[in-house]
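> Dumping the structure here so I can ask a few things about it.
Any read-out appearing in this document is the output of simple, stated calculations on the displayed coordinates, not a laboratory observation. Every value quoted in this text rests on a predicted model; they were computed, and no experiment measured them. All Cβ positions, even for glycine, are placed from backbone atoms using ideal geometry, and neighbour counts span all protein chains on display.
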Amino acid sequence: MMKKKTPSENHLWHALPPDVICEALVSTEQGLSPQEAKRRLTRYGLNKLTPAAGRGPCKRFLSQFHNVLVYVLLAAAGVTAAIGHWVDSGVIVGVVLINALIGFIQEGKAEKALDAIRNMLTHQAMVRREGKNVLMPAEQLVPGDIVMLESGDKVPADLRLLQVKNLRADESMLTGESLPVEKNTAAVGTHAALGDRFCLAYSGTLITYGTALGMVVSTGDLTEIGRISAMLRTVPSVATPLLRQIARFSQWLSFAIVMLASATFAYGWAIQHSSLTELFMSAVGLAVAAIPEGLPAVMTITLAIGVQRMAKRNAIIRRLPAVETLGSVTVICSDKTGTLTCNEMTAKSVFVNNKLFTVEGVGYNPHGGFKLADETALVEDHPYLHELLRAAALCNNARVEQKHTNWIVHGDPTEGALITLAHKAGMDPDLLNQEMPRTDVIPFESEHRYMATLHHDHSGHAFIFIKGAPERVLGMCNLQRIDGEDVPIHAVQWHQMMDEIAGGGQRLLAIAYKTVPSTQKQINVADVETGLTLLGIVGMIDPPRPEAVKAVLKCRNAGINVKMITGDHAATAVAIAAQLNIGDGSVLSGEDLDRMTDNELTTAIRDVDVFARTSPENKLRLVTALQADGHVVAMTGDGVNDAPALKRADVGVAMGQKGTEVAKETSEMVLADDNFASIAHAVEEGRGIYDNLLKSIIFILPTGGGEALMIVAAIVMGEILPITPVQILWVNMITAVTLSLTLAFEPPERNIMNRMPRKPDKPLLSAFMIWRIVFVSLIMVTGTFSLFLWERSLGAPIEQARTVTVNTLVMFEIFYVFNSRYLHHSVLNLHGLFGNWLVWLAVLLLIAFQMAFTYWQPMQVLFGTVDIDAHTWQMIVAVALTVFILVEIEKFFIRLFLPKAAAGNSKR
Ligand code: ATP
């Protein structure tokens, strides 16, 4: 016998047969004891990978300088240094450094925030400890633990498989092999290559089919994936299509700046004969004015805050670009059970022995009785009812339990409803299982829509019990049970009954059985395909989620079509859809879809919103057809077979609670609460984030535009520069860190879900946005330049006129930030003016900064400012107020004459 050791000490587990391993290590029945597991946890550490180092801080800091706009700024610093303007070059370099620092810190913070959100999706594993199966965080696994796997799971550690049933694993991440690999328990040669060790299941790979039991042989960094972990933990990128568009815009802008600066330079030189120094300073001024120094940081922060806000509303973003795509979604295809409904099943009707019983009670509380034609019925008087319920309780993995005053279900709610039903009939499922222990099982998979179990009683009889979708089970039965006898089945009558019960919105399950020789110890699909006896059908209700009803309406107002795609019976689906206001009563079944060509499908789905008895392949075809019809599709899914549809959808949405790891891995977003309403919230937040990004752009760009225009105007008019480069940098930086940032915290606008979805191909700067930027730039330049010229005409020294210019620009921004809170709507109301207290805080802070800038001696020296009097301040405020008034008037006219533009998109 082998010396007892812990698994991690032997790397040749694949070369040992399962029985040797079990003998040497733990019993598969018992698993480890909690004490032993604790001891091993101390020794081997948590089962997680050490994060890859990523880019070092130095590299990350330096990468902040790798930007064309920064190059232009540095060139500007070079120019000012060359002509001896050391203060200017010092300030420009200072700004570049501060910007890099802000970018560096923000990028780090945004990445941390995203990481934290990703970590919310903890990975769970089913482990056997001291004879009990417990669901625990995969991090807690230790070598020697016995782990159960089923289709859809992500393997939590490297496992030596001890028992398998049709197990297939997708190991492409490790071996590159794209097809799932069939697994077994047989030992292989010591030198077998990784991909040939069929008796090992590797951490991080995905189970695509079947079930298995395995022993953990290595955890954390010692696993195969741990050895190559650097490959896995790619540093999350904080770029989205919009941010990339901004990066392209910066390149374009830099080019434009260089051209404009050269043209102005040439004009000043040839026509105005200005001095070289003056011209160089103007060119530098133009560059620093037109470059939106604060924009990238503000955008990153907006995105990070938005993603955190979504997580608070139960929508966890796994891939950042999804935030923007969400705003363009035109169709949401949703599962029914648990997403649109509560997934709290209560059996309400039982049809057995040609009699329709109704059941009292709600939820999993086992109190309530049976009624037959409104009369109380006792189970003792109806032995066939007992027979059916026994099968339902045995072909079952669920348990119900009383917690305080509540009854809760452990396991599948459909099965929980059957357990409650058995309790109502006075039966004890645990006792039943002792009398007829289970020998084998075919687990439920939505692909085949039934579950079957094999049982042996203690007097030498063996039975198969099966429950599943009635059409499926009916097809396997040639007999039915009437008054204790197996007689030929009368299928038409069953179908009529099914339609009647399903028409009331009840979900159906048929229950059947078969006697088999007691020597049979395993069941295969072939065993249940024919020769079964139908016992009866159970109908259960699953009420729609009240919040889903509201969310569906909200989506409709937002121009988003909601389609229900369910595995349930057509009549059940239509009845539930009606309660949710989805569709018009028409329904297509999976079979109907299979018969259609792609073109027919595209046309058909324009009018139908409910799809029943669908398979995962149907889902994939539906997504493809909708996309071909020009839709942007969000699709929910939970099973392993949903992965292709989730991947194909523009926004794949996986269920956080009942979803498999495979579904989560392939989707863009995970719903922490499996609730449809959370998708609607995510769309709302997604639209809000996009709006806020646009608001930052529309707020920041006119300042630069105004400053640049002012310099061009000064040169054209042969005037002395009204603002120096350092002053421009001051304005840009100080307003970016105060006012612009507040826009990142704006909540979604109230009417946001009354707009049509954004067209995905719509350019970043729409005609409206360009107009707004030009309009505000013109107001700013006119107001500021007029005050400057007026001051000069009164004989004010240049320092004083420039101080007025800077303060006017800043004051313009203070007023304009209020306009920018809503792109189209009036802010002349309580909410518009006071709805975001951060704006007021930023304004107060900015005023304090301006006071220091104007009156504090060291700042006066650095920026060339001087004191100005109260009367001048009045003028400044009066002039700056014009932007607020004019933009509100502009919004009014746009809403009046261009309501479509004001609504964001055209109504369809
Ligand atoms: P959705 O796709 O909206 O979540 P669903 O949950 O009804 O729909 P499935 O889980 O695929 O879809 O179930 C399809 C059918 O399979 C059900 O209508 C029911 O008849 C049957 N069924 C569901 N759960 C079980 C189970 N645990 N055992 C046996 N049969 C089941």
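> Among rounded, prolate and oblate, which fits the chain when a ≥ b ≥ c are the square roots of the eigenvalues of its C-alpha gyration tensor, a/c under 1.5 means rounded, and a/b larger than b/c means prolate? List each step's numbers first, then the result.
Numbers: a/c = 3.11, a/b = 2.00, b/c = 1.56.
It is prolate, given that a/c is not under 1.5 and a/b is the larger ratio.
> Can I get the semi-axes of the stretch 195-346's equivalent ellipsoid? Compute them from the C-alpha gyration tensor as square roots of 5 times the eigenvalues, in angstrom, largest first. Spell out each step's value before the answer.
Values: eigenvalues 617, 120, 32 Å².
Gyration-tensor ellipsoid for the stretch 195-346: 56, 24, 13 Å.
> Another question, then. Expressed as an acute angle from 0 to 90° and rounded to the nearest 10, what is the orientation of the C-alpha long axis of helix 870-897 relative to the principal long axis of the chain?
That helix lies at roughly 50 degrees to the long axis.
> For the chain, what does -39500 (n - 2.57) per DSSP helix run (n ≥ 4), summed and divided by total residues, give at 222 nm, in deg cm²/dmol to the nearest 500? Write out the running numbers ahead of the final one.
On the way: 34 runs with 430 residues, N = 908.
Here the helix-only value at 222 nm equals -15000 deg cm²/dmol.
> Suppose we look only past 22 Å in the calculated P(r) of the stretch 346-541. What percent of the Cα-Cα pairs does that tail hold? Can you show the working numbers first?
Details: 8288 of 19110 pairs.
Cα-Cα pairs of the stretch 346-541 separated by over 22 Å account for 43 percent.
> Still on this model: Going by the alpha-carbon gyration tensor, a ≥ b ≥ c the square roots of its eigenvalues, is the stretch 340-439 rounded (a/c under 1.5) or, if a/c is not under 1.5, prolate (a/b greater than b/c) versus oblate?
Working: a/c = 1.70, a/b = 1.15, b/c = 1.48.
Cα axes put the stretch 340-439 in the oblate bin.
> Now, a different point. ³J(HN,Hα) across the stretch 257-271 via Karplus (A = 6.51, B = -1.76, C = 1.60, θ = phi - 60°), whole Hz, x for Gly/Pro?
Those phi angles translate into 4, 4, 5, 5, 4, 5, 4, 5, 4, 4, 4, x, 6, 7, 9 Hz.
> What share of all Cα pairs of the stretch 573-618, in percent, falls into each consecutive 10 Å distance bin?
The calculated distribution, bin by bin, is 28, 54, 18, 0.
> Moving to a separate point now. Angle check, please: helix 413-424 long axis (alpha carbons) against the longest principal axis of the chain (alpha carbons), in degrees 0 to 90, nearest 10.
40
> By how many nm would the segment from residue 248 to residue 855 lengthen if fully extended, with 0.36 nm per residue of separation less the alpha-carbon distance? Please list the in-between numbers first.
Values: separation 607, 0.36 × 607 = 218.52 nm, distance 4.01 nm.
So the extension gain works out to 214.5 nm.
> Once amide H atoms are placed 1.01 Å from N in the peptide plane, what residues at a sequence separation of 5 or more from residue 440, or on another chain, have their amide H within under 5 Å of its amide H?
Hits under the 5 Å cutoff: 454.
> Would you grab the residues whose amide H sits under 5 Å from the one on residue 589? Only those 5+ places off in sequence or on another chain, please, with H modelled 1.01 Å from N.
612
> Using the charge dipole of the stretch 337-460 (Lys, Arg: +1 at Cβ; Asp, Glu: -1 at Cβ; taken about the Cα centre), state which of 416, 439, 342 has its Cα farthest towards the positive end.
Of the options given, the answer is 342.
> Which aspartates and glutamates have a Cα less than 19 Å from the Cα of residue 514, not counting those fewer than 8 places away in the same chain?
Answer for residue 514, where 19 Å is the Cα cut-off: 387, 435, 440, 457, 471, 483, 485, 486, 527, 529, listed by chain and number.
> Along the stretch 762-769, what does the Karplus equation 6.51 cos²θ - 1.76 cosθ + 1.60 (θ = phi - 60°) give for ³J(HN,Hα), rounded to whole Hz, x for Gly and Pro?
5, x, 4, 9, 6, 4, 4, 5
> Per residue, how much space in cubic angstrom lies within the convex hull of the C-alpha atoms of the stretch 620-668? Could the numbers behind the result be given before it?
Numbers: hull volume 2.4 nm³, N = 49.
Enclosed volume per residue, from the Cα hull, is 49 Å³.
> Oh, and also: What shape does the stretch 244-290 take by its C-alpha gyration tensor, where a ≥ b ≥ c are the square roots of the eigenvalues and a/c under 1.5 counts as rounded, a/b above b/c as prolate, and the rest as oblate?
Details: a/c = 5.18, a/b = 2.61, b/c = 1.99.
It is prolate, given that a/c is not under 1.5 and a/b is the larger ratio.
> Distance cut-off 25 Å, Cα to Cα: go down the list 48/664; 183/467; 48/112 and report the pairs above it.
Flagged as over cut-off: 183/467.
> Here's a follow-up. Summing +1 for each Lys or Arg and -1 for each Asp or Glu, what net charge is found among the other residues whose Cβ lies under 10 Å from the Cβ of residue 219? Write down the numbers at each step before the final one.
Details: positive: 40, 48; negative: 139, 145, 158, 221.
Residues near residue 219 contribute -2 overall.
> Expressed as a whole number of Å, what is the distance separating the alpha-carbon centroids of the stretch 430-486 and the stretch 814-886?
76
> May I pose another question? Using Cα atoms only, what is the angle between the long axis of helix 86-119 and the major principal axis of the chain, expressed in degrees (0 to 90) to the nearest 10?
10
> Please find the FRET efficiency linking residue 530 to residue 39, where r is the Cβ-Cβ separation and R0 is fixed at 51 Å, and quote it to the nearest 0.05. The partial results should precede the final answer.
Details: r = 53 Å, r/R0 = 1.03.
Plugging the Cβ-Cβ distance into 1/(1 + (r/R0)^6) gives 0.45.
> Greater than 24 Å separation of Cα atoms is the criterion. Which listed pairs, 336/658; 38/165; 348/619, meet it?
Details: 336/658 13 Å; 38/165 30 Å; 348/619 30 Å.
Those over the limit are 38/165; 348/619.
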